[in-house]
Each structure stands twice: as structure tokens, then as C-alpha cells.
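Beneath this line is the structure, given in C-alpha cells, with notes to follow.
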Amino acid sequence: MKKHHLGEFEEMVLLAVGVLHGDAYGVSLKKEIETRGERNVSVGALQTALIRLEKKGYVKSSEGEKTQERAGRPKKYYQITAYGQSALEYKKSIRSRFWDAMPNIQLNIR
Amino acid sequence: MNQPEPPKYLLRFFKWFCKPELHSFIEGDLIEMFQERVESQGQRMADWFFIWDVLLLFRPDIIRPFKIFKIETNYMFKQNLTLSWRLIRGNKGYAFVNIAGLTMGMTVAILIGLWIWNELSFDAYFENRDKLAQVMVNQTHEGITYTASSIQVPLGNALKEGFPSDLGQMALSSFKRNFMVSNGHQKLKSSGLWVGTDFPSMFSLKLLSGSIKSLENPTSVLISESLANSLFGSQDLDHSVIRIDNRFDVELAGVYEDFPKNTSFHETKILLPWKNKENFLRNQSDWTDHCCQLFVQLDGRANIDILNEKIKNIPTAHIEQWKEEIMLHPLNKLYLFNQFENGRATGGRVDFVLLFGITGVFVLLLACINFMNLATVRSEERGKEVGIRKTLGSARIQIVFQFLSESLLYAFLSLIASIMIAWVALPFFNQLAQTDITLPTDQPVFWILSFLFALFTGLIAASYPAFYLSSFKPIKVLRNTVHAKTSSPLLRKLLVTTQFVVSITLILGTLLVFRQVQYAKNRVTGFDRDKLITVDISTPELRKNLDVIKHDLRQRGLISDMAYSSQSPSHFTNNNSLNWKGKDPNFTMFFRNVGVSPDYGETIGWDLIGGRDFRLSGDSTSMIINESTAEILGFDNPLGEIVEWRGKNFTITGIVKDMLTQSPYEPTEASFFVTDDFMTKIIIRLPSNISDHDALSAIGQVFESHDTGAPFDYQFVDQEYAKKYDYEERIGNLAAIFAFLAIFISGLGLFGLASYVAKQRNREIGIRKILGASVSNLWILLTEEFVRLVTIAAIIAVPFASLLMNDWLSQYTYRTSITWEIFAVTIVSVLFITIVIVGIQAIKVAVANPIKVIRSH
């Protein structure tokens, strides 16, 4: 089984890219992670994670059009790749295995 | 539309560090977020968040690589070095001058640094150095306090019993004296000491055999490794028996490593136990008899100042004639602070160390200034090169880098050269300075310091050209409009002037030192030191045979005269007090007492100015005094007066002219001569009709034929005395070398500078020539600027140097005067050198064909 090196934060960024499918760029990703992920994200951390994800081949980027709000700066859109998708699924399955093996007594079911 | 904008400077900052390929996208994100925040939270918060965001973007993945052209930097290194190397080869003259100057400066710095380190670490060989001290005595008489290291024997017990908690170990010690040491076949004269039992452990002797407590046995001795090797060929004990002075035997109980050169006990080869019955000193109980030294070791927590207060009055009660106190002088100050004023250590050798340190720094500074100057000059010449490089697209930092690397290359080459030269020069230096210094190539500190220094110099020297030149606009440079100055900028003038101020001061100082030594040497001696030798009466056999030997030598015409004395006329060590009629009971004065045989006066050739010389016999109560003594006694006619010394009455029967036997820089001391004393030396005047060498070898044979129990050993009185100039002469020699170097370095600098300026102005010169100026006119024009600089330097240097010189001279009572001749000679010589150096360059330009020169522009 291929080893996927995916940090906790990187995984979340990757998930966000998947969720925002087609509309994933700096600002939107930041907002998505902050709301759905319930955590604070700095632009720097996000950008670094995106760079790393791209290097690993989990996402690919493309340029968007220039818009007035961004004083003429283009957007960089990210898309998840098939490889990235398999990485996410791998992570998910590993986690499920643990959850499945968890005895019921321990769960604090409310 | 008035859209709020994020802080501009931050945007610029971000643009500066961000990777170009990421920049616009991230910037866009930042701006978008900023706009949103402005709407929801206001401008202020938006700004703060913006700042926060930018700062947090300062991360490795986002920061651009700072090696601008990544591949090219490696290439650049090599290229720069190659270029620098080619430039050196192409301009050998300039490169050589530059490197030579800096090398000399560095060598000087290295040598001085090592010497200073050596001086400062004197006695560092002793582990307990920081706890050891020597007891000094302060004798106050008529308001002046004299400090000396000779103390009285009873002091030892007084301190031991009185202060057991503050003072741990202590040891009395005799002054250095020569012992005749024999193993049965061979006899060697060795310097040694009678020392207390604690001495070896106090001074942490490194023993090669035997125990450190050996001296507890009063018949055991410790000898040094070198003596052991000479006597026994090994350091094994075998408890051999050693005969001392042909008089008594001791047992060898241990061998210690020789004391290194920079220790107080250097050359002490044998240590004998104080308690031995042959040590006459040990029975002394007279508090006025100062005949030995005392070393103490402070207990861990003892504070030396508090202790000094407690102990200082110990001897006071025992001595009525003058006020005497003692004080502890710590070992780590003993060597450097060997001068005292009114009972406190004020300086001494440490002043010289400081002086040399400052001089070294200055000479180094000179060299660095030179280096910078020449580098600057050279780089202006390369302004064109800079211009071209820039048009070809060099970033400014690359040009800076190039100059820096060139300068660093020079600096490191100089460093290597200077270390090699220092290594070669060290033996000569050691001879000159009487030291034993070696290059500390095994100490990392040395290498680190040297490396840092070269780095520092290279960077500083390159700073001006690198930054100034690389900022040129290429067009300006190519059009040659940048450097149209006809005179050097202020900075350069300042540098040259400083160089000459230092050089002139050094030269003046050197001349003064030599003058002072010469002055002292020219002092009237009062007797004739020529062809005079002293021989120690070191064994009882010799003493028995004195008359026979004298008779024998006389018969063979090997001596001109022979006499005996208790001391050598090259230095009187004893001193005592006298009593006479009419002496003020509160008056205390010490006189040098010298025991002599009746023919002493004849032998040394003193000048009897009153009364008569000693009769050959029956004169045991007669005393001859010198002029200074006569003055102090105060009699109108001292002849016939009675004087009491050591409980015995003497009649003054003669007065001699003062003789110069002590320091050449101090006034002569009151001395007196009697025949009733114990003689320890033979004084011989060699005959004038035979060469000294022949006479001495023949005399030696005579001595040995009479079974004296010791090899014939002698000292020349004039040589012994000359040692008193030794320190000053050495200083003078060192100063002369520095002065020479300083002038040389300054001259080099001047040479480089002059050639540059001359070249600069060759167009101007050409025009002037065409307009009718003569060669001499032009020459004056060119040299004038430099002559002015040197004159200014002289004007600054003279008062400054005068101050220093007066200060130095004031330590000598007998001193030469600072006459105008010293200044005149120096200034004239320096001006002469300047004119020659600059003149050569000036002539070259002045004589050049004007047409050619103008055409080249």
C-alpha cells in the first residue's frame, strides 16, 4: 500500500479544496477552513500547505481572471487530482478501521 | 472611487521577499481580504490584520531564494577569484605594495601580541599564582618611602604565629646566589636559593622524582632537571651525595622541572632547605637586618587588602630608627608592577607593555589605513570597469561582492605571509627581547583571531570602494565625468596625516631613548672599569690560597693589580646605618658598606680627594668615605672624625670622589669602605700589555694549579654594569624597529597615493606645460600638497610627542634633555623622504610629452 504523507493541516486544506470544487483559491479556502474546520488559519500557513500539496501532486493549480476587487491581481485556483483523492480516501479508511475496532463501552454516546 | 488601500510599505516589503511566481496571486488574496475587512471591521483592524498576514507569510516556502542567480553564484566565486588573481598578476607592483604594507603591519601585530601575552603570563607557570604574594618592606625616612623585597628573618615566625587563618603556607628564601655544586668529579656553578620547607608545594614544582616535602629533611636538596642531567646524566635519585661550595654535603632528594624563562625563579637550579645548619641566615634575629625574602600563600578566603592592614605594623615596634611597615605584593603583579612610589605599586614593566601594545596597534592601524587608501585609489581607477559591468547587467550587489572578495583575497594573502614571516623572525625577536616566545600554532584562539582580523581588515578596506563605486551610474562613468578631482578627498588626506603623525612620534621616541642611554653611559664613573674582573671566593680552598695565587700571578706578570672586596664594584648590595657625633637621632639614612682590602683603591683606580688611602696593615679601624657620605655627615672636615658602625668605632681617614656603582639614572649613593670585613670577591686589573683573552686563560691555569676546588670563573665589571642599561637599550632597539616599519609603511602609502594623483593630473600637467610651465614649476605643484600634509602632521606630532617624552624621562633622576636637535633631525628627514617619494612620481609626469597625454583623453 502506498504511503501517503499528509499532515493533519494539509489534509484539511486538501478536503477544503475538494469541497470548494472549482472555486478553491486563497481567500475562499481560508474562509472554508475557518468556518467548517473551526480553526484559525493564517494566509502564510495556507499558502505553504498549498505549495506542498502541489509539489506532492495532490492538487493542481490554474490561473483565473483578473478582477477589480483584487486591484487587478489574478486568482490561483486549485483543483484536487485523482492522486489527491486517493490520498484522502486512504486516510479516511485508516481512521475508519480504528473506529470500527473501538469497543462500544468506551463511547460516550449521548 | 476612493478605495481604501493596504499599507504600501508592507506591500513593498512583501514584494521584496516573496517568490515572484507566487507574488501576484498571494498579493491579490491579501488585498481581497483587506477590502472585506475594511467593510466589516474598519480600516484600522484591516491594517493590523494585513500586517499580521504579511508577517506570517515570511516562510521558507514563500521567500525567494536570495542567491539571485543560483547557479551563477558558484561560478561567480570562482570568477571573482580568478579575476582578482589576474589583476594581481597584471599589476604586480600595486599588488605587491599593498600586500607588503599590510603584511608588515600584521607581522608587527602578531609579534607584539605574543610579547604582551608573554609578559602578562609571567609566573603563570605557578598554579597558585593568584594566592601567592611576596612580603615587601616599606621604610619611611624624611617623608619618602622606600619599598624593597628584603625583609628580616624574625618576620617569618611573626606572621606564621600571628595570622594562621589568613596565611597558609609560607617560605623564607635567600636572595639568588651561586653555589658550587659537585658530584665528586665535576663542579658546576649553579644559581640557587635557601628556601623554607613549604616552598616546593607553594610554587607547585613539577617533580620528576622525589617528594615535594623533601626539604623537611634539613640535609636534603632539590635540583633542577638540567642540573641533574649535567651532574648525573639522569634524573634518578640513588640518593646521591652532592658537595656544596666544597664545604658541606647534602643529599639529593628530588629533581624538578626547570623553571621556564618567564618565571621569577628562572635559572634557579638548586633549592636548599632553610633549616640546614650551613644557612647562616636562619639564626638571624635582628629586626634591622634585612637579608632575605619571604613568600606567603593566602588562604582561600583571605582578602589581601584587609590582610595588609592587619599585618603592616608588625615590624614597626621592633625598629626605632625609622618607620617600617610591611605589605603583601601579589605574585601576579610582582613582575609587571615593579616600581613603587611611597609604598604603593605604581607601575614599572606594565608601562612598557602598555606602551608597546599601543605602538603595535598604531603600526597595524597605519598598515590598514594604507591598505584602505590604496584599495580606494585603485578602485577609482577601475571606475570604468564598474561602468561596463553595470551596463552588462550586474546587480549592484555583485559588484560590491567582487570588490569585497578581491580585498579579502589580499587580506588573507597578507595574513599567510605575515604568519610565515613572524615564524622566521621569532628567534631574532626572542634574542632582542630576552624572551622565549613561540608561535601558538596549537591554540585555536590564535587562528580564530587571525582569521577574524584578516576578515575584518578586508571588509573595512573594501567598504569604501565597494559601496561608493558600485553606485555609479554607468553612463557617467563611461563618459569619465565622475572623477575630475585634482586633489585627494578629505578622508585620504586625513589618513596620510595620521600615518605621519604616528611615524614621527615613533622616530622622536626612539631618538630620545637612545639619547638617554648614551647620556647615562657618558656619566663620570669615578674609577676605571676597563679590564677589571671579579672572581668569586667560592670555596674554602680558594680562600686559603689567595696570597699564594696573588704572588704567583704577580710574578708571571699576569695581573696589573689585585684586591679583595665584599662586593663587586658593578653593584653594591649591602646597606646599613651609621652613627656619628652630632647625628640627629631622628635622622635615618642608609649607607652602602663595602669591605675592601688595602690595595682596593689602587686596583680599581678611585680618586682620593682627601686624606690618605689604606695602609697595607694595621688600618682596621680606618674608614674611607665618598663625597656623598661626607656631605651627609656634615662635618667641616670629616677627616679624623669617629663613626660607629655595627657597634665598632672607625676613624675617617680618607675621602674619595663618588663612584658610579648603582643605577646610571640615579644620583650616586653614600658609601663607605673599611678593611675590617669579610671579603667574598677578588678584583683583578688585567695587564695592559697582554690581550684579555690570553691573560684570562693563563690566570685560569694558575688558579686551577692551586687546587681551589672550583673552576675559574670571572665577570667583567664593565659588562656587569652594562646590564643596567640593558632594559632601556632593548626598548630603544625595539622602538627603532617600529619606527622604521612605521616610516616604511607610511612611505609605501605615500608612494601609491602620489602615483595615483600624478596620473590623475597628467592632463592638467600637459596643458600647463604647453602654456609654458617649466619642469620645476610643475614638480613643485605636484609635491606641494603632500609636503603640506606632512608638515601638518609634524605640527601635530611635536607637542604630542613632547608630552610623552617628558613623561617617560621623568622616571629617571639623571636625564638627558629634549633639545631642538631631536625634532629638527626627525622633521627634516621625514620631509626629505616625502619629497623624494612624491618627487619621483612628480618628475615622471612632469617630463612626459604633453601631446601624448592630451591625446589619450
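The values are calculated or read from the model by the stated rules, or taken from the named source; none is laboratory data. All of these numbers come straight from a predicted model, not from anything done at the bench. Don't worry about glycine lacking a Cβ; one is built from the backbone with ideal geometry, like all the others, and counts go over all protein chains shown.
Here's the yes/no breakdown for (1) among the β-branched types (V, I, T); (2) touching a strand residue (DSSP E or B) at 6+ places or on another chain (Cβ under 8 Å); (3) surrounded by fewer than 16 Cβ atoms within 10 Å (Cβ to Cβ):
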position	(1), (2), (3)
B:N303	no, no, yes
B:E309	no, no, yes
B:I314	yes, yes, no
B:E320	no, no, yes
B:L331	no, yes, no
B:F340	no, yes, no
B:A345	no, yes, no
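Conditions tested, residue by residue: (1) surrounded by 19 or more Cβ atoms within 10 Å (Cβ to Cβ); (2) modelled with pLDDT of 80 or more; (3) more than 14 Å from chain A (Cβ to nearest Cβ); (4) in contact with a helix residue (DSSP H, G or I) (Cβ under 7 Å, 6 or more places away or on another chain).
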residue	(1), (2), (3), (4)
B:D61	no, yes, no, yes
B:T73	no, no, yes, no
B:I88	no, no, yes, yes
B:T103	yes, yes, yes, yes
B:T107	yes, yes, yes, yes
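Restricting attention to the range A:73-100, the residues that are touching a Gly at 6+ places or on another chain (Cβ under 8 Å) and either within 14 Å of another protein chain (Cβ to nearest Cβ) or within 24 Å of B:I31 (Cβ to Cβ) (or both) add up to 6. Within the range B:547-559, the set of residues being crowded, with 18+ Cβ neighbours inside 10 Å and not in a loop (DSSP other than H, G, I, E, B) comprises B:I549, B:K550, B:L553.
Against the numbered list (1) in contact (Cβ under 8 Å) with a residue 12 or more places away in the chain; (2) surrounded by fewer than 19 Cβ atoms within 10 Å (Cβ to Cβ), B:Q701 comes up short only at (1).
Name the residue that is surrounded by the fewest Cβ atoms within 10 Å (Cβ to Cβ), counting only residues in the range B:1-10 that are touching a residue at least 12 places away in the same chain (Cβ under 8 Å) and more than 10 Å from chain A (Cβ to nearest Cβ). Ranking the qualifying residues of the range B:1-10, first place goes to B:P4. So is B:L222 buried (at least 18 other Cβ atoms within 10 Å of the Cβ), among the hydrophobic types (A, V, I, L, M, F, W, C) and within 18 Å of B:F265 (Cβ to Cβ) or not? Yes; evaluated as a whole, the condition is true for this residue. From the set of residues in the range B:560-585 that are modelled with pLDDT of 85 or more and of a type in the set (A, V, I, L, M, F, W, C), which is surrounded by the fewest Cβ atoms within 10 Å (Cβ to Cβ)? That would be B:A563.
Taking the range A:29-72 as the range and being part of a helix (DSSP H, G or I), surrounded by fewer than 19 Cβ atoms within 10 Å (Cβ to Cβ) and either at pLDDT below 90 or touching a strand residue (DSSP E or B) at 6+ places or on another chain (Cβ under 9 Å) (or both) as the test, only A:E54 passes.
In this structure, is B:E728 outside any loop (DSSP other than H, G, I, E, B), surrounded by 17 or more Cβ atoms within 10 Å (Cβ to Cβ) and of a type in the set (D, E)? Write out each step before concluding.
Working: outside any loop (DSSP other than H, G, I, E, B): yes; surrounded by 17 or more Cβ atoms within 10 Å (Cβ to Cβ): yes; of a type in the set (D, E): yes.
When the stated conditions are applied, B:E728 passes them.
Of the residues making up the range B:789-803, those that are farther than 20 Å from B:L750 by Cβ and not aliphatic (A, V, I, L, M) are B:P799, B:F800, B:S802. Each residue in the range A:1-31 was checked for being within 14 Å of chain B (Cβ to nearest Cβ), in contact with a Lys or Arg (Cβ under 9 Å, 6 or more places away or on another chain) and acidic (D, E), and 1 of them qualify. Within the range B:699-712, the residues that satisfy the criterion of being farther than 14 Å from B:I533 by Cα and not aromatic (F, W, Y) are B:Q701, B:V702, B:E704, B:S705, B:H706, B:D707, B:T708, B:G709, B:A710, B:P711.
Kindly evaluate B:I690 against the criterion of being crowded, with 17+ Cβ neighbours inside 10 Å and of a type outside the set (D, E). Working first, answer last.
On the way: crowded, with 17+ Cβ neighbours inside 10 Å: no; of a type outside the set (D, E): yes.
The answer is no for B:I690.
Restricting the range B:234-279 to residues that are out of contact with any strand residue (DSSP E or B) (no Cβ under 8 Å at 6 or more places or on another chain) and among the basic types (K, R), the residue that is modelled with the highest pLDDT is B:K275.
Among the residues making up the range B:22-56, those that are more than 10 Å from chain A (Cβ to nearest Cβ) and either without any contact (Cβ under 8 Å) to a residue 40 or more places away in the chain or in a loop (DSSP other than H, G, I, E, B) (or both) are B:R37, B:V38, B:E39, B:S40, B:Q41, B:G42, B:Q43, B:R44, B:M45, B:W48. Checked against (1) in contact with a helix residue (DSSP H, G or I) (Cβ under 7 Å, 6 or more places away or on another chain); (2) under 25 Å from B:P638 (Cβ atoms); (3) basic (K, R), B:R529 meets all criteria but (2).
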